[in-house]
Structure formats: C-alpha cells, structure tokens
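Below you'll find the structure, written out as structure tokens, and then a few comments.
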Amino acid sequence: MYEVLILIFTLALAIHIYTDFKEQLLYDKVSAVLLGAGMLYAYHFGIWWDAFLGSIACIGIMLFIYRVSRGGMGLGDVKLAFVLGVWLGLEQGLLCLLLAFVAGGSIGV
C-alpha cells in the first residue's frame, strides 16, 4: 500500500511540474488525486492530526500570500499547498514552503 501511495504522489507531482512549467496551470483533478492519496496515507499511518494541522497551516500561509500578491500567484498553488500539508504534516509542510520560497526567490533574483 505504501509503495502505491508514494508512486501516486510522485507521478502526480511530476504532472504538476510539467503542466506548471509548460502552461502555468495546476489542474484540480491532479490535486484531487493527490488529496485522496494523502488522506489514505494519513489514515494508514495514523497521522490524521498532523495532516490536519499541516494542511491548515500551509493553506493559511498560501491564502495570505495569494490575497497580498493580487494575481501574482494562482489558486492552484494554494490548493497544492493544502494537499502537501496533508501529505507532509505540520513541520515538513512548513519546511517545504520555506524551501519553495527560497528556491523561487533564488531563481527570481
């Protein structure tokens, strides 16, 4: 079960990387698959509370940035942050956002 969920996670993120690079779009269907697999992952490993806290923290931060940026970032990014919060939990989800901001800022500069 674990291997299948990790495969889904990897393939879905690869699809997001490709479509974001080519079209600057993150498709809701791919995020929905990631969310479903993430919920199964959290259930299988008994990390519901950490998944909940991670998703709330990540979506809160990204919603704030979405509102402040006024179009500089899309809702697909916000939805993806929510899903990554489910998968990664609170600490790793926040670390993921931090690393994404640092990498994006470095490329932008």
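The values are calculated or read from the model by the stated rules, or taken from the named source; none is laboratory data. Because the structure is predicted, anything quoted here is derived from the model rather than measured. Here the Cβ positions follow ideal geometry from the backbone for every residue, glycine too, while neighbour counts run over all protein chains shown. Surface accessibility is based on the protein's heavy atoms, side chains included, excluding ligands, DNA and RNA. Shrake-Rupley method; radii C 1.70, N 1.55, O 1.52, S 1.80 Å.
Couple of notes before you dig in:
- Residue within segment 94-105 that is touching a residue at least 40 places away in the same chain (Cβ under 8 Å) and closer than 20 Å to LEU5 by Cβ present: no
- Complete set of residues in segment 1-31 that are farther than 18 Å from ALA81 by Cβ and not in a helix (DSSP H, G or I): MET1
- Selected residue (criterion: nearest to ASP28 (Cα to Cα)) from residues of segment 74-99 that are among the aliphatic types (A, V, I, L, M) and loosely packed, with under 15 Cβ neighbours inside 10 Å: LEU75
- Some residue of segment 42-50 being open to solvent by 30 Å² or more (accessible area, probe 1.4 Å), more than 30 Å from MET1 (Cα to Cα) and not hydroxyl-bearing (Ser, Thr, Tyr): no
- Check on LEU34, open to solvent by 30 Å² or more (accessible area, probe 1.4 Å) and either in a helix (DSSP H, G or I) or within 20 Å of LEU94 (Cβ to Cβ) (or both): no
- Across segment 51-73, the qualifying residues are those that are open to solvent by less than 60 Å² (accessible area, probe 1.4 Å) and small (Gly, Ala, Ser), and the one among them that is farthest from GLN24 (Cα to Cα) is ALA51.
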